[in-house]
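The values are calculated or read from the model by the stated rules, or taken from the named source; none is laboratory data. All values reported here derive from a predicted model rather than from experimental measurement. Here the Cβ positions follow ideal geometry from the backbone for every residue, glycine too, while neighbour counts run over all protein chains shown.
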2 protein chains.
Amino acid sequence: MGYKFDEKMENLKPSVIREILKYSSDKSVIAFSAGNPAPEAFPVDAIRKITAEILEKEPIDALQYSLTEGYTPLRDVVKADIKRRNGIGKEFDELIMTSGAQQVLDLATKAFCGKGDVILCESPSFVGALNAFKSNEATLVGVPMEEDGMNLELLEQAMKQNPSAKLLYIIPNFQNPSGITTSLEKRKAIYELAKKYSICILEDNPYGELRFSDEAVPSIKSFDEDGIVIYIGSFSKVLSPGLRVGYVCAHKDIVQKITVLKQTNDVHTGILPQMIAHHFLTEYDFDAHLENLRSIYKHKAQLMLDGIKAEFNPAVASTTPTGGLFLWCTLPEGTDMLAFCENAVKNHKVAVVPGNAFMTSDDEPTTSFRMNYSTPTDEQIVRGVQILGKLTKEL
Amino acid sequence: MGYKFDEKMENLKPSVIREILKYSSDKSVIAFSAGNPAPEAFPVDAIRKITAEILEKEPIDALQYSLTEGYTPLRDVVKADIKRRNGIGKEFDELIMTSGAQQVLDLATKAFCGKGDVILCESPSFVGALNAFKSNEATLVGVPMEEDGMNLELLEQAMKQNPSAKLLYIIPNFQNPSGITTSLEKRKAIYELAKKYSICILEDNPYGELRFSDEAVPSIKSFDEDGIVIYIGSFSKVLSPGLRVGYVCAHKDIVQKITVLKQTNDVHTGILPQMIAHHFLTEYDFDAHLENLRSIYKHKAQLMLDGIKAEFNPAVASTTPTGGLFLWCTLPEGTDMLAFCENAVKNHKVAVVPGNAFMTSDDEPTTSFRMNYSTPTDEQIVRGVQILGKLTKEL
């Protein structure tokens with residue numbers, strides 16, 4: 001039978017990039033293509049003890065239906081934590097727990113956007129977000145990134161040209177895929193522009209606590225006096241992605257809409273995972289744990305950057321992230337980047353992600369690719385960068 | 001700021017029913033208004049042992065990112081289990097794990113329906129499904145229930161009148177809210193009608209294994225030779241709802257679309273919960289566990305039915321479920337059902353769910369209400385039914 005899928009599904013076809021990524025699952029491939037936390041970053045002993053305690057003392061609470069808004073003690077702790085760390089949370093704000101940050105990207109879009117409504121995005125941007133926007137029939141308008149964040153002139157131009165724009169999506173810290181951090185000046189300017197054009201900001205901050213050099217920059221939400229910033233956080237990169245626990249903090253009118261949609265989407269987020277996160281935050285030294293993560297990623301990032309400096313053709317540019325999991329390499333103009341990536345994975349068993357995966361449309365030209373340093377081992381980083389380096393010199 | 005939410009959000013406003021349900025959270029209220037498994041139905045010891053074992057032997061697998069399709073060993077076991085129990089699964093079918101059955105209701109609708117596309121539903125039907133459909137801007141067309149399932153004449157009429165209908169939603173076993181089971185004859189007839197009018201069937205079967213009297217009726221999916229049935233299962237009622245693990249089995253072309261949407265929705269379902277379900281199915285006696293659940297619910301259902309027979313005004317009709325968690329009472333025509341429910345909860349502390357919660361629109365007239373027997377204790381069932389009985393005699 002020919003199924004009558006809705007036309008929105010046409011926008012969600014598998015792309016040429018997936019073909020390349022298929023090779024990454026081969027165990028003999030060095031995968032710089034993932035975005036997984038390092039295995040050594042999981043506090044396994046703590047989670048083992050916590051889980052045993054929960055199932056000993058509160059098994060029914062952990063197994064029964066729960067509230068759509070999330071596990072109340074966890075919500076309270078997260079509210080206090082982001083207030084203390086990032087100065088986030090005004091009187092008018094509310095916070096609910098979600099099934100990862102991804103669920104917020106999907107449901108916030110669903111709440112704000114009808115078919116064809118515009119979402120302004122950094123270009124390049126996180127592919128999972130772009131797909132969530134597309135699946136809700138939003139139209140994506142990319143704003144080019146500079147080394148300190150979006151080009152403001154082009155951002156305002158895009159706002160003027162798209163009066164129906166509903167959301168502006170931004171990953172201000174160690175952006176995926178570019179590794180770029182938006183400067184404080186640009187964060188303030190972006191906020192003012194969003195206010196001027198009545199657009200809500202979707203501030204996605206999964207990597208914020210993974211800063212390993214330079215000073216922290218205040219989040220946009222911390223200066224949100226007008227209730228226009230939807231702040232998205234996650235435990236995926238600082239505790240465990242398999243638990244699928246994230247959260248959204250925004251004006252209560254917005255959170256109420258997301259809650260209604262969440263109820264129709266998955267009723268609530270797994271309660272045992274939420275309880276694990278709660279115990280970890282309250283019974284263990286979360287700051288010391290974060291410090292440990294930062295030192296792991298600082299080491300791995302430095303190893304990759306050193307390798308690039310030593311091995312890559314100097315005509316290849318690379319960003320220098322001050323945190324997070326990714327860096328962004330750009331081949332000389334005119335290079336066939338897709339062929340480079342395809343050759344690397346097929347013939348030399350090193351996988352990177354072609355840059356057009358992160359563009360608002362697959363066919364936007366780019367000679368960049370994304371590299372991840374959190375998943376591979378030190379040995380893999382050294383060897384993989386050597387191999388890629390050799391290939392950059394053959395260009 | 002006045003937020004520019006999409007117009008679809010207008011359909012998802014809190015209803016008058018929520019006002020009544022608010023009183024249910026009062027601890028002194030006897031809640032026949034929930035749908036939770038009985039606390040004694042959770043295999044707490046087994047889950048405690050299983051979880052300790054997983055976090056001892058495979059902690060990284062349990063905490064790391066995983067596949068959108070679900071934990072492969074669990075998928076394999078569930079495929080084999082529904083094949084053995086229900087004869088479900090053809091060559092063309094595929095099965096993925098989901099964040100409860102609710103996620104399938106949302107994402108299948110998203111895959112098939114654009115704004116205004118029709119979904120045919122049993123009337124009354126599960127409120128969570130109706131809200132998922134509405135949140136995707138589908139138009140609901142209700143088909144009245146008879147004691148053996150939908151009225152077939154009215155179903156075909158609805159199909160003729162709605163050539164754009166994409167899905168037909170049905171809970172064939174111990175339906176929520178009515179407790180009705182659709183007969184084999186009607187299941188076959190419904191299948192043929194769906195085929196004739198090129199409509200896919202969304203067969204939701206969360207309660208199927210909770211039959212405590214009479215013979216099992218084959219699922220519609222078991223005679224799906226044409227790949228038109230989307231079968232939805234769940235571990236919420238047979239293991240734990242807090243784990244949020246469900247699944248969908250359908251033609252692989254349909255499952256592929258749902259998988260794409262799931263990736264943009266929550267990346268994947270919590271992996272530790274999936275591993276717990278897998279260990280329980282493979283290392284424990286699932287059949288004996290189900291037998292225990294059936295005896296718990298048989299006892300509770302009988303207690304409620306006996307009470308209704310002894311205490312209720314004989315003018316009040318009640319269904320007699322042969323499984324599941326719910327029964328459906330209908331007050332005499334002309335009764336103000338909402339006032340009855342409001343009086344019961346506010347002044348007499350017994351909560352039931354007004355029937356219009358389950359209609360395709362809130363203002364559809366009904367004198368029925370839903371009663372749940374799985375959540376309350378035996379004592380609460382006896383006392384609550386006595387109180388309601390007295391109120392039915394004052395009508």
How many residues are at pLDDT 95 or above, among the β-branched types (Val, Ile, Thr) and touching a Phe, Trp or Tyr at 6+ places or on another chain (Cβ under 6 Å) when one looks only at the stretch A:99-145?
2
Per the filter on the stretch B:177-201, residues touching a Ser or Thr at 6+ places or on another chain (Cβ under 8 Å) and either of a type in the set (Gly, Ala, Ser) or within 14 Å of chain A (Cβ to nearest Cβ) (or both) are B:SER178, B:GLY179
Would you confirm whether any residue within the stretch A:222-232 is away from chain B (no Cβ under 14 Å), surrounded by fewer than 23 Cβ atoms within 10 Å (Cβ to Cβ) and touching a helix residue (DSSP H, G or I) at 6+ places or on another chain (Cβ under 6 Å)?
yes
Would a scan of the stretch B:33-54 turn up a residue that is over 30 Å from B:GLU7 (Cα atoms), surrounded by 22 or more Cβ atoms within 10 Å (Cβ to Cβ), at pLDDT below 95 and more than 10 Å from chain A (Cβ to nearest Cβ)?
yes
Pick from A:LYS196, A:LYS134, A:LYS160: which is out of contact with any strand residue (DSSP E or B) (no Cβ under 8 Å at 6 or more places or on another chain) and over 18 Å from A:ILE220 (Cα atoms)?
A:LYS160
Which residues, taken from the stretch A:375-393, are of a type in the set (Gly, Ala, Ser) and surrounded by 24 or more Cβ atoms within 10 Å (Cβ to Cβ)?
A:GLY384
Restricting the search to the stretch A:36-91, which residues are over 20 Å from B:PRO273 (Cβ atoms) and more than 26 Å from the chain's Cα centre (by Cα)?
A:ASP45, A:GLU91
Residues of the stretch B:97-142 being of a type in the set (Phe, Trp, Tyr) and within 10 Å of another protein chain (Cβ to nearest Cβ), in sequence order, are B:PHE112, B:PHE133
Among (1) buried (at least 24 other Cβ atoms within 10 Å of the Cβ); (2) assigned to a helix (DSSP H, G or I); (3) not β-branched (Val, Ile, Thr), there is one condition A:LYS79 misses while meeting the rest; what is its number?
(1)
Tally of residues being surrounded by fewer than 24 Cβ atoms within 10 Å (Cβ to Cβ) and within 17 Å of the chain's Cα centre (by Cα) across the stretch B:150-166:
0
Within the stretch A:233-247, is there a residue that is within 14 Å of A:PHE174 (Cα to Cα) and within 13 Å of chain B (Cβ to nearest Cβ)?
yes
Considering only the stretch A:105-125, how many residues are among the small types (Gly, Ala, Ser), in a helix (DSSP H, G or I) and more than 20 Å from A:LYS237 (Cβ to Cβ)?
1
The stretch A:1-32 - residue that is within 9 Å of another protein chain (Cβ to nearest Cβ) and assigned to a helix (DSSP H, G or I) and, of those, modelled with the lowest pLDDT:
A:LEU12
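State whether one or more residues within the stretch A:94-104 are assigned to a helix (DSSP H, G or I) and touching a Cys at 6+ places or on another chain (Cβ under 8 Å). Working first, answer last.
Within the stretch A:94-104, the first condition is being assigned to a helix (DSSP H, G or I), and the residues that meet it are A:100-104.
Remaining after also requiring touching a Cys at 6+ places or on another chain (Cβ under 8 Å): none.
No, every residue in the stretch A:94-104 fails to be assigned to a helix (DSSP H, G or I) and touching a Cys at 6+ places or on another chain (Cβ under 8 Å).
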Mind listing whichever residues of the stretch A:55-70 are over 19 Å from A:THR282 (Cα atoms), of a type in the set (A, V, I, L, M, F, W, C) and within 9 Å of another protein chain (Cβ to nearest Cβ)?
A:ILE60, A:LEU63
Considering only residues that are touching a Phe, Trp or Tyr at 6+ places or on another chain (Cβ under 6 Å), over 19 Å from B:ALA344 (Cα atoms) and assigned to a helix (DSSP H, G or I), which ones fall in the stretch B:298-325?
B:LYS298, B:LYS300, B:ALA301
All but one of (1) under 24 Å from A:LYS49 (Cα atoms); (2) surrounded by fewer than 21 Cβ atoms within 10 Å (Cβ to Cβ); (3) charged (D, E, K, R) hold for A:LYS237, so report the exception by its number.
(2)
Any chance the stretch A:360-368 includes a residue that's in contact with a strand residue (DSSP E or B) (Cβ under 6 Å, 6 or more places away or on another chain), under 29 Å from A:VAL143 (Cα atoms) and either modelled with pLDDT under 95 or in a helix (DSSP H, G or I) (or both)?
yes
Identify, from the list B:GLN263, B:GLN274, the residue that is polar (S, T, N, Q), within 24 Å of B:ASP61 (Cβ to Cβ), surrounded by fewer than 24 Cβ atoms within 10 Å (Cβ to Cβ) and out of contact with any Asp or Glu (no Cβ under 7 Å at 6 or more places or on another chain).
B:GLN263
Among residues of the stretch B:97-118, those that are surrounded by fewer than 23 Cβ atoms within 10 Å (Cβ to Cβ) and in contact with a Ser or Thr (Cβ under 8 Å, 6 or more places away or on another chain), counted:
3
Which condition number does A:THR282 fail, the rest of (1) surrounded by fewer than 24 Cβ atoms within 10 Å (Cβ to Cβ); (2) in contact (Cβ under 8 Å) with a residue 24 or more places away in the chain; (3) at the interface with chain B (Cβ under 10 Å from one of its Cβ atoms); (4) part of a helix (DSSP H, G or I) being met?
(3)
Restricting to the stretch A:145-204, name every residue that is among the hydrophobic types (A, V, I, L, M, F, W, C) and part of a strand (DSSP E or B).
A:MET145, A:MET150, A:LEU167, A:LEU168, A:ILE170, A:CYS200, A:ILE201, A:LEU202
Condition check for A:PRO218: part of a strand (DSSP E or B) and surrounded by fewer than 21 Cβ atoms within 10 Å (Cβ to Cβ)
no
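Can you confirm whether B:LEU55 is of a type in the set (A, V, I, L, M) and assigned to a loop (DSSP other than H, G, I, E, B)?
Details: of a type in the set (A, V, I, L, M): yes; assigned to a loop (DSSP other than H, G, I, E, B): no.
Spelling it out, it is not the case that B:LEU55 is of a type in the set (A, V, I, L, M) and assigned to a loop (DSSP other than H, G, I, E, B).
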